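See structure below.
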Amino acid sequence: MAIDKRDLGRTVVYQIYIKSFCDSNGDGIGDLRGITSKLDYLAYLGVDCVWITPFFPSPQRDNGYDISDYCAIDPVFGTMADFDELVAEAWSRGIGIMLDMVLCHTSTEHAWFKRALAGDERYQRYYILRDGRGSAGPGDPGEPPTNWQSAFGGSMWEWEPRLGKWYLHMHDVSQPDLDWTNPEVRAELARVVRFWRDRGVAGFRFDVVNLISKPDVFEDDPAGTGRALIADGPHVHEYLRELVQASGIDSMLTVGEMAATTLDNCVRYTNPAYGELGMVFSFHHLKVDYKDGDKWALMAPDIDRLREILATWQERMQEGGGWNALFWNNHDQPRAITRFGGRTGVGERGGSWGHVGKALAVCAHLMQGTPYIFQGEELGVPNAGYASIDDYNDVESANAYRMLCERGASPAEALRVVGERSRDNGRTPMPWDGSPAAGFTTGTPWLAVPQSAERVNVAAERGVAGSMLEFYRELVRLRHELAVISEGRVRFLAKDDAAPQVIAFERWLEGEAEARAREAGEPTHLLVVCSLGAEPASLELPVRYRRATRVVGSYDEARIERGVLALRPFEAQVLVEGQFAG
Ligand code: NOJ
Ligand code: CA
């Protein structure tokens with residue numbers, strides 16, 4: 001079976017962070033058989049595809065994004081037979097499995113790096129090795145070759161005496177970057193992708209894949225960390241196209257995670273004419289609460305800016321024939337429901353927890369692109385809210401806490417910032433029920449179950465009218481049923497038409513698609529209005545929608561009077577002209 005990449009608009013992807021989804025054997029760590037045991041739940045939600053974060057052998061310094069063997073399964077997550085069973089069982093429910101390919105770097109425990117350390121020059125050419133600045137000769141490290149900073153803090157370079165060189169690591173020191181200028185490396189990686197393709201998966205997510213082509217000249221970055229110098233590098237498009245061809249995945253579902261990318265590059269990555277990827281994750285919209293661009297400096301989200309970013313990316317990707325992945329959450333982000341709704345996710349910025357979650361869901365699921373649901377998002381899981389720094393596990397959180405304290409923050413203040421921004425917020429155990437281990441494990445969970453699990457969990461929401469879970473099911477169903485959502489064009493309402501906290505856009509069908517929809521009695525035009533703030537607001541509706549019917553929304557009815565839609569805190573409404581039979 002397969003999911004054709006031409007069906008991108010009808011596809012809804014669910015992301016599983018394997019360590020935290022479901023533990024089948026009581027060791028406190030989620031695993032492949034745990035996922036298989038929950039396939040009926042995923043079928044109930046209605047998703048088409050499941051992206052599973054890495055489960056390959058790994059020392060787990062970066063929770064599996066540090067891979068020591070690309071073509072095997074870490075025993076902690078199961079066996080190859082478990083994997084094959086999962087793929088088959090998923091397909092039998094019409095669900096495809098999407099794998100996470102981490103091809104920018106390996107673990108230092110990978111056989112390639114070990115051979116390089118042992119002096120094998122062939123494998124030394126797999127990595128990016130340089131002499132130090134001001135080195136007096138062999139054996140003298142000198143200074144790091146450039147001032148670049150790793151994503152998790154500290155220099156991007158590590159001196160390795162066994163190599164007599166510095167090696168580049170954009171992430172943790174245990175994640176050396178591969179040298180994609182070496183054709184042998186590219187061929188090996190294409191073989192890896194083909195290996196998994198041949199085991200029947202539906203597609204691939206490529207980790208930080210716009211960082212694979214390093215600049216021709218390595219020089220200091222006067223402005224920052226070096227990341228922007230590396231992003232979308234000189235040969236990235238050529239390498240991606242080659243990878244897709246060589247591994248035979250051109251017709252499959254693919255998504256590239258793009259760090260610090262540009263819109264023009266994302267058009268190129270995803271316009272089918274270039275033969276690269278199906279869609280991209282970009283992150284500009286998830287930095288609207290970074291003060292001065294610093295993740296570790298808190299600021300309330302700037303919704304005006306968010307609207308500008310969404311409008312630009314939606315409209316210009318459409319113009320260029322590109323395609324967006326749509327998402328608010330993943331395992332690297334704090335929970336959007338808390339981020340946009342207030343610290344505890346229960347309405348500090350006004351509106352209730354339910355309104356916040358549903359308004360965000362409407363916004364993402366009604367845009368043009370392929371929506372992703374991150375485990376727990378469909379229940380409204382908020383940030384972890386741990387009381388002690390010891391409850392956090394992530395290497396990035398530990399480094400950030402240390403850095404904040406070094407810069408003069410009190411331990412309480414540093415904890416507060418980490419609490420808001422830690423990636424562990426997205427990694428807490430999936431709450432299946434309200435019991436102490438949340439039904440996630442019979443043992444002790446590797447990461448503490450947050451208090452919210454007592455009330456926010458599958459058992460409390462499944463089949464319950466008005467619950468977040470049932471709301472997400474409805475959004476998935478609507479995308480499957482209405483061509484205007486899956487295929488429609490998109491246009492944002494001009495900024496002057498709405499208050500700064502209101503994001504509004506229209507979706508519509510043209511030509512044959514419009515005729516088909518009319519014939520089927522489906523709507524051909526939709527208006528989506530999302531107020532992402534605590535203040536009441538209003539919007540004068542475009543003429544077409546003055547006597548509109550509501551399709552779905554974060555409040556049960558839309559209040560329209562004399563062509564004006566009145567919006568309560570975190571109210572989102574989807575309107576169609578005329579009648580809607582649903
Ligand atoms: C992005 C992944 O999503 C993140 O979890 C990881 O730490 C980095 N890439 C490095 O692989
Ligand atoms: Ca387990």
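The values are calculated or read from the model by the stated rules, or taken from the named source; none is laboratory data. Given the structure is predicted, the values throughout are model-derived calculations rather than measurements. Here Cβ is always computed from backbone atoms with ideal geometry, including for glycine, and neighbour counts include all displayed protein chains. Heads up: the accessible areas ignore ligands, DNA and RNA and are worked out on the full protein's heavy atoms, side chains in. Shrake-Rupley method; radii C 1.70, N 1.55, O 1.52, S 1.80 Å.
Considering only residues that are of a type outside the set (S, T, N, Q) and either without any contact (Cβ under 8 Å) to a residue 60 or more places away in the chain or in contact with a Phe, Trp or Tyr (Cβ under 8 Å, 6 or more places away or on another chain) (or both), which ones fall in the stretch 84-93?
Passing the criteria: E85, L86, E89, A90, R93.
Which ones in the stretch 83-118 are within 15 Å of ligand 1 (Cβ to nearest atom) and under 24 Å from the mean Cα position of the chain (by Cα)?
Selection gives M98, L99, D100, M101, V102, L103, C104, H105, T106, S107.
Any chance you could count how many residues in the stretch 25-37 are in contact (Cβ under 8 Å) with a residue 40 or more places away in the chain and out of contact with any Leu (no Cβ under 7 Å at 6 or more places or on another chain)? Write out each step before concluding.
Going residue by residue through the stretch 25-37, those that are in contact (Cβ under 8 Å) with a residue 40 or more places away in the chain are 26-33, 35-36.
If we keep only those that are out of contact with any Leu (no Cβ under 7 Å at 6 or more places or on another chain) too, we end up with 26-31, 33.
Looking only at that region, the number is 7.
Name the single residue, out of those in the stretch 537-551 being open to solvent by less than 10 Å² (accessible area, probe 1.4 Å) and outside any helix (DSSP H, G or I), that is nearest to S467 (Cα to Cα).
L539
Evaluate the stretch 48-55: report whether one residue or more is within 14 Å of ligand 2 (Cβ to nearest atom), surrounded by fewer than 21 Cβ atoms within 10 Å (Cβ to Cβ) and of a type outside the set (S, T, N, Q).
For the stretch 48-55, residues within 14 Å of ligand 2 (Cβ to nearest atom), surrounded by fewer than 21 Cβ atoms within 10 Å (Cβ to Cβ) and of a type outside the set (S, T, N, Q): absent.
From the list Y70, Y44, which one is aromatic (F, W, Y) and either within 16 Å of ligand 1 (Cβ to nearest atom) or outside the structural domain of L189 (by TED's automatic domain parsing) (or both)?
The match here is Y70.
Hey, can you tell me all the residues within the stretch 1-41 that are hydrophobic (A, V, I, L, M, F, W, C) and within 16 Å of ligand 1 (Cβ to nearest atom)?
Selection gives V13, I16, I18, F21.
Considering only residues that are of a type in the set (F, W, Y) and either within 16 Å of ligand 2 (Cβ to nearest atom) or over 22 Å from the mean Cα position of the chain (by Cα) (or both), which ones fall in the stretch 62-77? Even if it seems obvious, please write down each step before you answer.
Residues of the stretch 62-77 that are of a type in the set (F, W, Y), as a first pass: 65, 70, 77.
If the condition is that a residue be of a type in the set (F, W, Y) and either within 16 Å of ligand 2 (Cβ to nearest atom) or over 22 Å from the mean Cα position of the chain (by Cα) (or both), then F77 is the only one that fits.
Given the condition more than 16 Å from ligand 1 (Cβ to nearest atom) and open to solvent by less than 30 Å² (accessible area, probe 1.4 Å), answer yes or no: does some residue in the stretch 57-66 qualify?
Of the residues in the stretch 57-66, the ones more than 16 Å from ligand 1 (Cβ to nearest atom) are none.
Within the stretch 57-66 (the criterion being more than 16 Å from ligand 1 (Cβ to nearest atom) and open to solvent by less than 30 Å² (accessible area, probe 1.4 Å)), the answer is no, since none of the residues qualifies.
Tell me the residue from V543, V528, V490, V484 that is of a type outside the set (K, R) and farther than 23 Å from G369 by Cβ, please.
The conditions single out V543.
Can you tell which of A223, A273 is outside any loop (DSSP other than H, G, I, E, B) and surrounded by fewer than 18 Cβ atoms within 10 Å (Cβ to Cβ)?
Unique residue meeting the criteria: A273.
Cβ-Cβ below 7 Å, separation at least six or inter-chain, first residue in the stretch 62-81 and farther than 23 Å from V395 by Cβ, second open to solvent by 10 Å² or more (accessible area, probe 1.4 Å) and basic (K, R): which pairs?
G78/R33
Only one of (1) more than 14 Å from ligand 2 (Cβ to nearest atom); (2) within 22 Å of the chain's Cα centre (by Cα); (3) modelled with pLDDT of 95 or more is not met by M80, so which one is it?
(2) is the only condition that M80 fails.
Looking for whichever is open to solvent by 40 Å² or more (accessible area, probe 1.4 Å), of a type in the set (D, E) and not assigned by TED's automatic domain parsing to the domain that holds S531 here; the options are E377, E315, E396. Which one fits?
Numbers: E377 fails: open to solvent by 40 Å² or more (accessible area, probe 1.4 Å); E396 fails: open to solvent by 40 Å² or more (accessible area, probe 1.4 Å).
So the residue among E377, E315, E396 that is open to solvent by 40 Å² or more (accessible area, probe 1.4 Å), of a type in the set (D, E) and not assigned by TED's automatic domain parsing to the domain that holds S531 is E315.
Which one of these does R241 not meet: (1) open to solvent by 50 Å² or more (accessible area, probe 1.4 Å); (2) assigned to a helix (DSSP H, G or I); (3) within 16 Å of ligand 1 (Cβ to nearest atom)?
Only one criterion in (1) open to solvent by 50 Å² or more (accessible area, probe 1.4 Å); (2) assigned to a helix (DSSP H, G or I); (3) within 16 Å of ligand 1 (Cβ to nearest atom) is unmet by R241, namely (3).
Output the residues belonging to the stretch 1-42 that are over 21 Å from R199 (Cβ atoms) and more than 16 Å from ligand 2 (Cβ to nearest atom).
Residues satisfying the conditions are R6, D7, L8, G9, R10, V12, D40, Y41.
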